[in-house]
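J.: First the structure, then my questions, so here it is.
The values are calculated or read from the model by the stated rules, or taken from the named source; none is laboratory data. Not measured: the values here are computed from a predicted model. So basically every Cβ, Gly included, is an ideal-geometry build from the backbone, and we count neighbours across all protein chains shown.
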Amino acid sequence: MAYDEDLADRIRELLGTQRGVEERRMFGGLAFLINGNMSVCVSGQGGLMVRVPRDDTEKLLVREHVEPMVMAGRETRGWLRVSVDGVKTKRQLQSWVTRGVDYAKSFPAK
C-alpha cells in the first residue's frame, strides 16, 4: 500500500518553511527528517509513525488510536503508530507532528 499523499501534504503545510526539513522515502512511507533526524513518517500501512522519547512511550500508549510500532515482530520503543482516526483533524495532527519534530530537534544535526 502506498502512503497517504493527503496526509503528507497536511504535514508539509504544518511544517511550513521550518528550516532543516527533509523528506525521504522509508519503511514503505514518507519520513520527515529534521536536521537529519527522523521525526514523523506517513506510514505505508496508513496513519502516522511518530518518534517520541523512549520514556514517554508507555504513557502515550494509553491514548486513543495509538499503538506500539512493531517492526520485524518486535516493538520499537521510542516510536508509536497513530491510526488514521487519530490524525483526522488539524489539531490532532499538529499535536503529533509537534511532538515528533520537537524530539528530533533535541538530537545533534547529522
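J.: Could you please let me know if residue 50 is crowded, with 19+ Cβ neighbours inside 10 Å, in contact with a strand residue (DSSP E or B) (Cβ under 6 Å, 6 or more places away or on another chain) and assigned to a helix (DSSP H, G or I)? So that I can check it myself, show each step before the final result.
T.: Values: crowded, with 19+ Cβ neighbours inside 10 Å: yes; in contact with a strand residue (DSSP E or B) (Cβ under 6 Å, 6 or more places away or on another chain): yes; assigned to a helix (DSSP H, G or I): no.
Here the answer is no, as residue 50 does not meet what is asked.
J.: Could you tell me which numbered condition residue 59 fails, if it satisfies all but one of (1) touching a residue at least 40 places away in the same chain (Cβ under 8 Å); (2) more than 12 Å from the chain's Cα centre (by Cα)?
T.: Unmet condition: (1).
J.: Restricting to segment 1-35, give me the number of residues that are of a type in the set (A, V, I, L, M, F, W, C), out of contact with any Lys or Arg (no Cβ under 7 Å at 6 or more places or on another chain), part of a strand (DSSP E or B) and modelled with pLDDT of 95 or more.
T.: Restricting attention to segment 1-35, the residues satisfying the condition of being of a type in the set (A, V, I, L, M, F, W, C) are 1-2, 7-8, 11, 14-15, 21, 26-27, 30-34.
Narrowing further to those that are out of contact with any Lys or Arg (no Cβ under 7 Å at 6 or more places or on another chain): 1-2, 7-8, 11, 14-15, 21, 26-27, 30, 32.
Next, from what is left, pick out any that are part of a strand (DSSP E or B): 21, 26, 30, 32.
Still in the list and also modelled with pLDDT of 95 or more: 21, 30, 32.
Of the residues in segment 1-35, 3 are of a type in the set (A, V, I, L, M, F, W, C), out of contact with any Lys or Arg (no Cβ under 7 Å at 6 or more places or on another chain), part of a strand (DSSP E or B) and modelled with pLDDT of 95 or more.
J.: Could you tell me which numbered condition residue 38 fails, if it satisfies all but one of (1) touching a residue at least 40 places away in the same chain (Cβ under 8 Å); (2) in a strand (DSSP E or B); (3) over 12 Å from the mean Cα position of the chain (by Cα)?
T.: Residue 38 satisfies every listed condition except (3).
J.: Further question: Restricting to segment 53-89, and then to whatever is among the aliphatic types (A, V, I, L, M) and over 18 Å from residue 14 (Cβ atoms), can you tell me which residue is surrounded by the most Cβ atoms within 10 Å (Cβ to Cβ)? Before the answer, list the steps.
T.: So in segment 53-89, the residues among the aliphatic types (A, V, I, L, M) come out as 60-62, 66, 69-72, 80, 82, 84, 87.
Right, trim to over 18 Å from residue 14 (Cβ atoms) and you get 60-62, 66, 69-72.
Details: 60: 16, 61: 12, 62: 7, 66: 20, 69: 22, 70: 11, 71: 10, 72: 5.
If we take residues in segment 53-89 being among the aliphatic types (A, V, I, L, M) and over 18 Å from residue 14 (Cβ atoms), then 69 is surrounded by the most Cβ atoms within 10 Å (Cβ to Cβ).
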